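Chemist: To start, I am sharing the structure in question, which I have written as structure tokens.
The values are calculated or read from the model by the stated rules, or taken from the named source; none is laboratory data. Nothing here was measured: the structure is a model prediction, and the numbers come from that model. We place every Cβ from the backbone using ideal geometry, glycine too, and count neighbours over all the protein chains shown. All accessible areas refer to the heavy atoms of the entire protein, side chains included, with ligands and DNA or RNA removed. Shrake-Rupley method; radii C 1.70, N 1.55, O 1.52, S 1.80 Å.
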Amino acid sequence: MAALRAAKQAMRREIKKRVAALDDQEKLRQSRVISQKLFKHPKYANCERIAVFLSMHDEVRTEEIIQDLFKHGKTCFMPKYLTQGTSNHMDMVKLTSMQDMMSLPLTSWNIRQPAADDNTREEALETGGLDLILMPGLGFDRNGNRLGRGKGFYDTYLERCMKHPKGKPYTIALAFREQLCQDIPVGDNDVLIDEVLYEAPQGEAVHHRSGLQGAAV
């Protein structure tokens, strides 16, 4: 276990360096390419209840995706992170509009989320579950392994999803090319994701764990 933690920490440091070397213009360019690929994706088109993260400075920008969700009348959910001592908990709560998103307070991570005492929002698993989760992360490999930030929010939430009558939603990670790794070190509690969406170099096919292939952009 200690060796796995050390391997993950070393990989986190390496990936953070790679992403930090990208300027804002390049991050935005790749984010737009990835957003357009997502909008053409059959899973995205056919899903109604979708959870999406509000991006941090080192993640694929999601504002355009959130706008598109509302434009097409989909139901949008976002993470609400709760940290109490050594316990980490995440819910996916309903977001009603872009104005609603912009009115949310900023956390110490410089991302917007509902205040801790905002208990009025619908939580996805208390109602109809989720069809699709758009996943953040620090690193990914082509086998569906994901390296998070070490808090376990998403792995724990996906385990909860599996107990919902609707079952586990389809998962698509959004990644900069610089976040792709040959192999991600994983443990027993790490949940595989179904697909990684990124700007592939010309001529490369994008392989998904589900067996699908996507054309390179």
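Chemist: Along the Cα→Cβ direction, 7 angstrom out, place labels at Ala116 and Leu28. What is the inter-label distance in nm?
Modeler: That separation, rounded to one decimal, is 3.5 nm.
Chemist: Each label point is 7 Å from the Cα along the Cα-to-Cβ direction; what then is the distance between the points at Arg12 and Thr83, in nm?
Modeler: If labels sit at Arg12 and Thr83, their model points lie 1.0 nm apart.
Chemist: Right, here's the next one. Between Lys163 and Asn143, how many nm apart are label points set 7 Å from Cα along the C-beta direction?
Modeler: Label-label distance for Lys163 and Asn143, simple model: 2.9 nm.
Chemist: Another one. In whole Hz, with x marking every Gly and Pro, tabulate ³J(HN,Hα) for the stretch 177-193 from phi via Karplus 6.51 cos²θ - 1.76 cosθ + 1.60, θ = phi - 60°.
Modeler: So the J values, rounded to whole Hz, are 4, 5, 8, 7, 10, 5, 9, 9, x, 10, x, 5, 8, 7, 8, 5, 9.
Chemist: What number, in percent, do you get for the relative contact order of the chain if the mean sequence gap of Cα pairs under 8 Å and at least 6 apart is divided by its residue count? Working shown, then result.
Modeler: Working: 375 pairs, mean separation 44.8, N = 217.
This gives 21 percent for the chain.
Chemist: A follow-up question, please. Looking at the P(r) of the chain, how many percent of alpha-carbon pairs lie beyond 27 Å? Numbers along the way, then the final one.
Modeler: Numbers: 6757 of 23436 pairs.
The answer is 29 percent, as a whole percent.
Chemist: Now for a different question. Only bridges whose two residues both fall in the chain count here: according to DSSP, what percent of them are antiparallel, nearest 5? Could you put the intermediate results ahead of the total?
Modeler: Working: 15 of 29 bridges.
Just about 50 percent of them are antiparallel.
Chemist: So, counting K/R as plus one and D/E as minus one, what does the shell of residues with Cβ under 15 Å around Asn119 add up to?
Modeler: Working: positive: Lys80, Lys94, Arg121; negative: Asp91, Asp117, Asp118, Glu122, Glu123, Glu126.
Within the 15 Å Cβ shell, the charges total -3.
Chemist: Need one value: the accessible area of Phe70 in square angstrom, 1.4 angstrom probe, rounded to the nearest 10.
Modeler: Solvent-accessible area, nearest 10 Å²: 50 Å².
Chemist: Using θ = phi - 60° and the Karplus curve 6.51 cos²θ - 1.76 cosθ + 1.60, what whole-Hz ³J(HN,Hα) does each residue of the stretch 112-125 get, with Gly and Pro shown as x?
Modeler: Karplus values, whole Hz, x for Gly and Pro: 8, 7, x, 4, 4, 8, 7, 10, 8, 7, 5, 9, 3, 7.
Chemist: Quick one: Karplus J couplings for the stretch 59-76, per residue in order, coefficients 6.51, -1.76, 1.60, θ = phi - 60°, nearest Hz, x for Gly and Pro?
Modeler: Going residue by residue, I get 10, 4, 5, 10, 4, 5, 5, 4, 4, 5, 4, 5, 4, 9, x, 7, 8, 9 Hz, with x marking Gly and Pro.
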